[in-house]
Structure formats: C-alpha cells, structure tokens
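Below: one structure, written as structure tokens.
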Amino acid sequence: MSRIAYFGPQGTFTEQAARRLTSGEELIPAETIPAALAAVRSGAADAACVPIENSVEGAVTATLDSLSEAEPLVAVAEVLLPVHFSVLTRPGTTEIRTVASHPHALAQVRHWVEANLPGAHPVATSSTAAAAVAVAEGEFDAAVTAPVAVEHYPLEVRATEVADVRDAKTRFLLVRAPGELPEPTGADRTSIVAAATNRTGALAELLTELAVRGINLTKLDARPTRNNFGEYRFFIDFEGHVAEPRIGDALAALRRRCRNLRFLGSHPRADDGKTEIELDAANEDFTDAIDWVASVRKGAQA
Ligand SMILES: O=C(O)C(=O)C[C@]1(C(=O)O)C=C[C@@H](O)C=C1
C-alpha cells in the first residue's frame, strides 16, 4: 500500500484534502510542509499532500519554497476545500487571552477575533491542529481549527463557521517524484518555477511567451531566491497540459529563455474551468504549422 505524507498533525485541513485525493492509502502526518515533501524525496512516502493557495491569504510560501529547492517534485492532482473555522478551548475555560493557529488561519479570522474576543492575542503555530494540541496542553487558551479537529483533541467547541470572508477556499496539491504524468483532460493546470535573470524585461519576456500562444495564466507568485537581494523566482500556473502541442511549444520557448526552469506538473484542475483557447492558438494550429514547415523543408508546400 502506498504511503501519503501530509501536513499534519491529525485534524488539519490538509488531512481532509489528503483523504479527498487518495483512496485508502496510509496517511502519515508530517509536522511541517518541508517535512512532508522531504518524506517523498527520501522515499519514506510515495506522495505528499500540501496546501498551495488560499483565496483570502494567497500563496502558501512554505510550499512554494520547498518545491523550488532540493530534488524536483511534480503535482499530479489537486483539490479545493471550503475553509471556515471552529474555535476550540479546554472545557471550563472562562477567559481567552491567547488565540493560536496557523498564520493563514489567523489572517482569515482577524476581524472575528477582534469583535468576539477583544484583547485576545493571536499566536502563530505550525498548523491549525498544532494549535489544538497546544491548547489541550494548556499552552494557549483557544485554537482556530478545521471543524474536524474537535474529533481528535479533548477540547470543546466555542464557535463554528468562523470566517471573515465567506466562501473562502484553499487549494491543495498531491505531489510525487517525477514519473508518469496524469492524462490531459481538457481542463488542466500546468505549473512551473523560473528564476529569471535580473535584467530589464526578463519576466515580461517569459509571460509574453505564454501570451502570444493564447495561454491563460491562473496564478503568478514571486519568491526571493535568497542568494542576492532583489533576485526572485517566479511561480507561474497556466491553463493546459504539457502533453498538448501548444503547451509543449510554450515550455520549449520558456526553457530557451530561462535555463533555470523547473516543471512542477500538469494535472486536472479542481475548479472545473474548461481551458479557453483563442483563435489560431489551438493544438491543431501548432501541429499544422509544424507540418507546414516540414513540407517546406522537403521542397513541397501544402
Ligand atoms: O493548518 C492547517 O490546517 C492547514 O492545513 C494549513 C492551512 C493553510 O496553509 O492555509 C490550510 C487551510 C487554511 O487556509 C488554513 C491553514
């Protein structure tokens, strides 16, 4: 049976995502996102489930940084989960002076805490479930957690459906070592990370290679390379699958412009968005053009 590492401990949103992305595999909690990905790199796990993007707080930077470092990994599936929180305390707690959670979770309940727990200090923990552990151990007074966390820890629910922004979502990835890719479905996402050189227009050139091929971006994030101040890596997600001629053509152009390019996977999109392809940018347009050049080279012109 395969082993799936996930950003834990038990009761995180990521555990729920891992259950949605797998079917009966053994789930192994990891304390941090880099640890979950390291388990795949070392062979201790066959895949890892990690958060990548939240609709309120944006990119999960620990995931971006870990995916751009060490041995390459590729995303093979994704899931979108609705995000709202429960507030848990030890039974009998009367005064709440500290509220613990993952920084992304704290940022999504800031107004609620100000309005409902005035004067309580937010404290960052490694995950929402780690906050529940810390509250159970008496370290903090309240934890902002996934609704399911109360099933795992001896705490009681003080509030449910807590969220400053209704209908918030987090996207999670299932990540493996490079190997066989998922089949294209017509509604796919491809992800890359490119360390563009620090010169005028470098990022614009990369984005232009996608734009001129009619490829729609779905996300763009920048993270420092950590080597030289002002140098960034760009994480670019776009519609389409590397198996498609138009996406292959774009990736070849990006690789030509940027030697420091890492492919992070092509997989079906969880949001069901069909890939919109512009006029003259369909896969047949690319294969027709290649065939035409081949015929010209042979001295014939179709
Ligand atoms: O701590 C958790 O429960 C997680 O799975 C992490 C995480 C995140 O990284 O954004 C996932 C979803 C919520 O947005 C809050 C926290």
Selection within region 273-292 - within 15 Å of P245 (Cα to Cα) and open to solvent by less than 90 Å² (accessible area, probe 1.4 Å): T275, I277, A281, A282, N283, D285, F286, T287, A289
Residue within region 40-50 that is more than 9 Å from the ligand (Cβ to nearest atom) and more than 20 Å from I4 (Cα to Cα) present: no
Residues located in region 142-154, provided they are hydroxyl-bearing (S, T, Y) and away from the ligand (no atom under 12 Å from the Cβ): Y153
Taking E71 as meeting all but one of (1) open to solvent by less than 10 Å² (accessible area, probe 1.4 Å); (2) more than 12 Å from the ligand (Cβ to nearest atom), write down the number of the exception. (1)
Can you tell me which residue is most open to solvent (accessible area, probe 1.4 Å) among those in region 217-243 that are in a loop (DSSP other than H, G, I, E, B) and either closer than 19 Å to A62 by Cα or modelled with pLDDT under 95 (or both)? F229
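Of all residues being of a type in the set (S, T, Y) and open to solvent by less than 60 Å² (accessible area, probe 1.4 Å) in region 6-33, which is farthest from the ligand (Cβ to nearest atom)? Just the residue, please. Steps first, please.
Within region 6-33, the first condition is being of a type in the set (S, T, Y), and the residues that meet it are 6, 12, 14, 22-23, 32.
Now narrow it down to the ones that are open to solvent by less than 60 Å² (accessible area, probe 1.4 Å): 6, 12, 14, 22, 32.
Values: Y6: 8, T12: 3, T14: 4, T22: 15, T32: 11 Å.
Ranking the candidates gives T22 first.
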Return yes when E114 is within 30 Å of A45 (Cα to Cα) and not assigned by TED's automatic domain parsing to the domain that holds S55 and no when it is not. no
Do any residues in region 157-185 that are open to solvent by 90 Å² or more (accessible area, probe 1.4 Å) have Cβ atoms under 6 Å from those of residues that are of a type in the set (F, W, Y), where the two are at least six apart or on different chains, and which pairs are they? none
Which numbered condition N116 fails, given (1) farther than 18 Å from Q10 by Cα; (2) within 14 Å of the ligand (Cβ to nearest atom); (3) touching a residue at least 40 places away in the same chain (Cβ under 8 Å): (2)
Scanning region 74-96 for residues that are open to solvent by 20 Å² or more (accessible area, probe 1.4 Å) and within 12 Å of the ligand (Cβ to nearest atom), which turns out nearest to R171 (Cα to Cα)? L80
Pick from region 249-262, criterion open to solvent by 60 Å² or more (accessible area, probe 1.4 Å) and in contact with a Leu (Cβ under 8 Å, 6 or more places away or on another chain), ranking: farthest from E53 (Cα to Cα): R257
Conditions (1) crowded, with 20+ Cβ neighbours inside 10 Å; (2) near the ligand (Cβ under 8 Å from one of its atoms) -> V56 fails only (1)
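Does A107 meet the test of being within 13 Å of the ligand (Cβ to nearest atom) and either modelled with pLDDT of 95 or more or in contact with a Lys or Arg (Cβ under 7 Å, 6 or more places away or on another chain) (or both)?
Working: within 13 Å of the ligand (Cβ to nearest atom): yes; either modelled with pLDDT of 95 or more or in contact with a Lys or Arg (Cβ under 7 Å, 6 or more places away or on another chain) (or both): yes.
It is true that A107 is within 13 Å of the ligand (Cβ to nearest atom) and either modelled with pLDDT of 95 or more or in contact with a Lys or Arg (Cβ under 7 Å, 6 or more places away or on another chain) (or both).
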Counting only residues that are of a type in the set (D, E) and buried (at least 21 other Cβ atoms within 10 Å of the Cβ), give me the helices (runs of 4 or more DSSP H) lying completely in region 97-154 with at least 3 of them. none
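Counting just the residues of region 155-199 that are farther than 30 Å from E71 by Cα and not in a strand (DSSP E or B), which one comes out nearest to the ligand (Cβ to nearest atom)? Walk me through it before giving the result.
Here is the first cut: in region 155-199, the residues farther than 30 Å from E71 by Cα are 155-168.
Of the ones still in play, those that are also not in a strand (DSSP E or B) are 155, 163-168.
Details: L155: 15, A163: 10, D164: 12, V165: 11, R166: 14, D167: 13, A168: 7 Å.
The selected residue is A168.
The values are calculated or read from the model by the stated rules, or taken from the named source; none is laboratory data. Predicted, not measured: the structure shown is a model, and the values here were computed from it. Here Cβ is always computed from backbone atoms with ideal geometry, including for glycine, and neighbour counts include all displayed protein chains. Each accessible area value is taken on the protein alone, full model and side chains, heavy atoms only, with ligands, DNA and RNA left out. Shrake-Rupley method; radii C 1.70, N 1.55, O 1.52, S 1.80 Å.
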